[in-house]
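**Student:** Let me give you the structure first, and then I'll get to my questions.
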Amino acid sequence: MVKPGEKRLQILQTLAGMLEDPNGEKVTTAALAGRLDCSEAALYRHFASKAQMFDGLIEFIETSLFGVINQIAGSEPAGLRQVELIVALLLNFSQRNRGMTRVLVGDALVHENARLQARINQLLDKVEAALRQSLRVAATQGRLSPEADFVGLANLLLCYVIGRWQQYVKSGFAREPSAHWAQQWPMLCVACLSQNHT
């Protein structure tokens, strides 16, 4: 007998798997029930609505990302290295979780409850705040000017990540987010360090 918690997880994993379809078809509860070989009513015993299923996915993304971001902040003393590790995490998470990337860029939420997109925006704001904090740490370590535009830099880094995610989704998952990371991080680092001369 499958436990309720396991069934919920199975539903979310199947939903994430369906979102990996590069054609980006709208996921219906009927199609989801078909994949799970159960009735739509059975789905609604675990989730009150499809929006609640997407909530479950967003919660998984948030827990996964911030679990690691908090580890980075706690174990890596160098601020700029924290920034590098956080951006690399965001790219690699996307590469391993195609369906979740479609949720992160809002592509999978187009016809869903507007509250879900607001929740993703909130998650991205938290990521940006984490980057800003690491940049401030770098400034206290003398790597960046205390007058550096931390808000602008954190936003630049987040826009870079979102751009890589978008390319991944729009290319049918052909253009991997971390493809040019080794070459691009030094360029982004230069943008950060150039703040020392403003």
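The values are calculated or read from the model by the stated rules, or taken from the named source; none is laboratory data. Remember, predicted model here, so these are calculated numbers, not experimental data. Cβ sites come from the backbone with ideal geometry, for glycine too, and all protein chains shown count toward neighbours.
**Student:** Taking segment 14-31, which residues are closer than 18 Å to ASP107 by Cα and in a helix (DSSP H, G or I)?
**Tutor:** Result: THR14, LEU15, ALA16, GLY17, MET18, THR29.
**Student:** Here's a check for you: in segment 1-39, which residue that is among the charged types (D, E, K, R) and exposed (fewer than 13 other Cβ atoms within 10 Å of the Cβ) is modelled with the highest pLDDT?
**Tutor:** ASP37
**Student:** Then there's this: Would you mention how many residues in segment 92-119 are under 10 Å from ILE58 (Cβ atoms) and under 11 Å from the mean Cα position of the chain (by Cα)?
**Tutor:** Residues meeting the conditions: 3.
**Student:** Those residues that are under 21 Å from ARG96 (Cβ atoms), in contact (Cβ under 8 Å) with a residue 12 or more places away in the chain, outside any helix (DSSP H, G or I) and of a type outside the set (Gly, Ala, Ser), I need them from segment 166-198; list them, please.
**Tutor:** Those that are under 21 Å from ARG96 (Cβ atoms), in contact (Cβ under 8 Å) with a residue 12 or more places away in the chain, outside any helix (DSSP H, G or I) and of a type outside the set (Gly, Ala, Ser): PHE173, GLU176, PRO177.
**Student:** Got a number for residues in segment 155-186 being basic (Lys, Arg), surrounded by fewer than 16 Cβ atoms within 10 Å (Cβ to Cβ) and at pLDDT 95 or above?
**Tutor:** Summing the residues that are basic (Lys, Arg), surrounded by fewer than 16 Cβ atoms within 10 Å (Cβ to Cβ) and at pLDDT 95 or above in segment 155-186 gives 1.
**Student:** Within segment 41-60, which residues are assigned to a helix (DSSP H, G or I) and either of a type in the set (Ser, Thr, Tyr) or over 23 Å from ALA114 (Cβ atoms) (or both)?
**Tutor:** Answer for segment 41-60, where residues must be assigned to a helix (DSSP H, G or I) and either of a type in the set (Ser, Thr, Tyr) or over 23 Å from ALA114 (Cβ atoms) (or both): ALA41, ALA42, TYR44.
**Student:** A further question follows. Search segment 89-101 for residues that are farther than 15 Å from ALA182 by Cβ and free of Cβ contacts under 8 Å to residues at least 60 places away in the same chain and pair each with any residue that is of a type in the set (S, T, N, Q) and surrounded by fewer than 19 Cβ atoms within 10 Å (Cβ to Cβ) when their beta-carbon atoms are under 7 Å apart and the residues are at least 6 apart or on different chains.
**Tutor:** Filtered contacts from segment 89-101: PHE93/SER64.
**Student:** Which condition number does ARG119 fail, the rest of (1) at pLDDT below 95; (2) within 21 Å of ILE11 (Cβ to Cβ) being met?
**Tutor:** Of (1) at pLDDT below 95; (2) within 21 Å of ILE11 (Cβ to Cβ), only one is false for ARG119: (1).
**Student:** Something else now. Scan segment 125-154 residue by residue and report those that are touching a helix residue (DSSP H, G or I) at 6+ places or on another chain (Cβ under 8 Å), within 23 Å of GLY56 (Cβ to Cβ) and surrounded by fewer than 17 Cβ atoms within 10 Å (Cβ to Cβ).
**Tutor:** Matches in segment 125-154: LYS126 only.
**Student:** CYS189: surrounded by fewer than 15 Cβ atoms within 10 Å (Cβ to Cβ) and at pLDDT below 95, yes or no?
**Tutor:** Criteria met by CYS189.
**Student:** Could you list, in sequence order, all residues of segment 17-62 that are in contact with a Leu (Cβ under 9 Å, 6 or more places away or on another chain) and hydroxyl-bearing (Ser, Thr, Tyr)?
**Tutor:** Matches in segment 17-62: THR29 only.
**Student:** Quick check on this structure: which one of PHE60, PHE93 is within 23 Å of GLN184 (Cβ to Cβ) and among the aromatic types (Phe, Trp, Tyr)?
**Tutor:** Exactly one residue qualifies, and that residue is PHE93.
**Student:** Would it be correct to say that ALA148 is under 19 Å from ASN70 (Cα atoms) and over 17 Å from the mean Cα position of the chain (by Cα)?
**Tutor:** No, not satisfied.
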